[in-house]
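The values are calculated or read from the model by the stated rules, or taken from the named source; none is laboratory data. Treat the numbers as computed from the prediction; the structure is a model and nothing was measured.
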Amino acid sequence: MTRRILDWSPAALLACGAALIAVLALIDWQVEINATLGFLYIFPMVLLGTVLGWALVWILVGFAILGLTWLWCLYRVLRGFLAFNDGKAMPI
């Protein structure tokens with residue numbers, strides 16, 4: 001079943017998602033109990049926020065590693081140029 005759904009076009013998936021949210025909103029509006037179905041709206045947002053939050057953390061860690069690597073490469077190049085100007089061999 002999920003394989004068929006994944007083969008849908010993005011517009012069809014968006015329309016299906018909007019329809020499901022509309023159905024949930026109508027059910028929530030019509031149900032007259034003390035507990036609302038608001039958790040059905042909040043749960044996907046919390047899940048998405050958690051996934052995006054961890055993705056953002058890993059992206060920031062990646063950028064920090066990339067920045068430190070760039071600084072290390074810049075240091076090595078400048079150190080090499082200074083050693084070249086002094087006529088010294090560069091240690092490995």
Note to self: Go through the range 1-16 and report how many residues are modelled with pLDDT of 70 or more and of a type in the set (Ser, Thr, Tyr).
What the structure shows: 1
Margin query: From the list Leu52, Leu47, Leu66, exactly one residue is assigned to a helix (DSSP H, G or I) and either at pLDDT 90 or above or assigned by TED's automatic domain parsing to the domain that holds Gly17 (or both). Which is it?
Written below: Leu66
